[in-house]
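The values are calculated or read from the model by the stated rules, or taken from the named source; none is laboratory data. Being a predicted model, the structure only gives us computed values, none of them experimental. Methodologically, a virtual Cβ is constructed for each residue, glycine included, from the backbone with ideal geometry; neighbour enumeration extends over all protein chains shown. Just so you know, the surface numbers come from the protein's heavy atoms only, side chains and all, with ligands and any DNA or RNA stripped out. Shrake-Rupley method; radii C 1.70, N 1.55, O 1.52, S 1.80 Å.
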There are 2 protein chains.
Amino acid sequence: MISERPADWKAKLAVYAITDDREDTTSLLAAVEAVLAGGATAIQLRRKREDGGPMLALGLEIRRMTREAGALYIVNDRVDIALLTEADGIHVGQTDIPCTRVRELAPEKLIGVSARTIAEAIAAERDGADYLGVGAVFPTATKADAVHSGIDTLRAIAATSSIPIVAIGGIDVARAPQVLAAGADGLAVVSAMMSAPSPRQAAEAFASLYRDFDNARPH
Amino acid sequence: MISERPADWKAKLAVYAITDDREDTTSLLAAVEAVLAGGATAIQLRRKREDGGPMLALGLEIRRMTREAGALYIVNDRVDIALLTEADGIHVGQTDIPCTRVRELAPEKLIGVSARTIAEAIAAERDGADYLGVGAVFPTATKADAVHSGIDTLRAIAATSSIPIVAIGGIDVARAPQVLAAGADGLAVVSAMMSAPSPRQAAEAFASLYRDFDNARPH
Ligand code: NI
């Protein structure tokens, strides 16, 4: 059941779409398929109010789609669902199962940890996180109560961390360049992709912007 | 990490208390400790709206308390939390992870499955459930939208199933005797124990009633 890590997983953090909590799962899966067609390189299954059964069903579908697209598939919080759907990784926030305990259940999988501050970023790296989710960089409608940590915190964490950073929180195409310039390795986006008029075109725009930035920077 | 099944697990389904969703977890753990002191033989950790972190913390506390009391500790839906807290079992409803998939992750643990109908009971037993949670036997405030399946369904399932049955839904001390007479092996109770004026006395009343019934029936 344990899947090897994709060799190029760091590069695949680039355009990282996160599902929303909409009730209509057919529409949600259509949006996932569209953003993958547009060039999303990772999908995170995040459903905060979902029972295990429907979440498992969603995960199996997203695993099939991401495998076909060559994209990463990450599950938020629920290690059991990640194991049963052969996810590439698990993403945990500060109120989810701690990284060290996730590692006990999923030694081979990628583990991403959300960090709002430099202290949280240092702790996550020390605890064995494979990548960081840093934000909210900008104020966001998805997580109205989230602490807005800002671009300066992102820059500071990027300067001190040795693991890849996915930036999250209010990132749209207009703001993405300053996020990448601050040191993010990936752009994590919920509504600006999943709820865009055309999720496919939105993903294409992020993917194209990312490519341009990546080509321009020294390697 | 895998724990052996307690040899007397069937007998320990007798007085089966289920946690509620109250925000005050200190009060919740005090109620768990009180019902164990009163003679509850099983505790199910059920938190439908909880993130993994606080649920893990609750589970570790309840594991410690139940171990000390010699009671079963069961986790609702979340197999990951069950594994990390060394639970004796996992309980799944019809919208949780299916029994057969739970078994993949937790081959040694008890698996309970909720059944509202004879068809669901037959399917659960076929899928390898160790026990059934049957109900809601009576209308209940805890799950206002739950289908009320009634005492006749309980009796019919008890007659056709070869695995133990825990009855759930609106069971109080006054109604418990007819539930046991209908063939239930255990009494699952949320508010009538956890929210009783004295959770300890409530558990004592259920435990005493169960003992009287058990002593009176042919073995
Ligand atoms: Ni700001």
Amide H contacts of A:V15 (H built 1.01 Å from N, under 5 Å, at least 5 apart or other chain): A:T41, A:A42, A:L187
Diffusion constant of chain B at 10 °C, which comes from Stokes-Einstein with the Kirkwood Cα-pair radius and 1.306 mPa s, µm²/s: 94
Selected from A:R101, A:R46, A:R78 as most flexible by GNM, with chain A as the system and alpha-carbon contacts under 10 Å: A:R101
7 Å along Cα→Cβ, label-point gaps from A:A30 to other copies, nm, shortest first: 5.2
Teacher prompt: B:E68 distances to equivalent labels in other copies, 7 Å Cα→Cβ, nm: 5.4
Extension gain, B:T25 back to B:A159 (0.36 nm per residue minus Cα-Cα distance, nm): 44.3 nm
5 angstrom amide H check on A:V134, placed H, neighbours 5+ away: A:A115, A:V166, A:A167, A:I168
Region B:1-73 - Rg (one decimal) and Dmax (whole number), Cα, Å: 12.1, 35
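Quote the total accessible area buried by chains B and A together, excluding ligands, DNA and RNA, probe 1.4 Å, nearest 100 Å².
1900
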Dipole magnitude of chain B about its Cα centre (Cβ charges: Lys, Arg +1; Asp, Glu -1), debye to nearest 20: 280
At least 40 Å² of accessible area lost relative to the chain alone, listed for region A:72-96 with a 1.4 Å probe: A:R78, A:D80, A:L84, A:T95
log₁₀ of I(q)/I(0) at q = 0.21 Å⁻¹ - region A:21-140, Debye sum with one point per alpha carbon: -1.22
Alpha carbon convex hull of the protein assembly as shown, projected area averaged over orientations, nm²: 21.2
Integer Hz, Karplus 6.51/-1.76/1.60 couplings in order for region B:29-42, x for Gly and Pro: 5, 5, 5, 4, 4, 5, 5, 5, 4, x, x, 4, 9, 8
Cβ charges +1 (Lys, Arg) and -1 (Asp, Glu), total dipole of the protein assembly as shown, debye: 40
GNM flexibility winner over chain A from A:G170, A:G133, A:G52 (Cα, springs under 10 Å): A:G52
Other-copy label distances relative to B:P54, 7 angstrom Cα-Cβ extension, nm: 2.2
Accessible area of the protein assembly as shown belonging to carbon and sulfur atoms, whole % at 1.4 Å probe: 53
Length-normalised contact order for chain B - Cα pairs under 8 Å, 6+ apart - percent: 23
Cα centre as origin, Lys/Arg/Asp/Glu Cβ charges: region A:35-128 dipole, Debye: 180
Karplus (6.51, -1.76, 1.60) ³J(HN,Hα), θ = phi - 60°, over region A:133-140, in Hz, Gly and Pro reported as x: x, 10, x, 6, 5, 10, x, 9
Overall Cα dimensions of region B:69-158, principal axis frame, Å, largest first: 37, 28, 25
Whole-Å distance, taken between Cα centres, linking region A:33-93 and region A:180-201: 17
Probe 1.4 Å, accessible area per residue of region A:1-155, Å²: 39
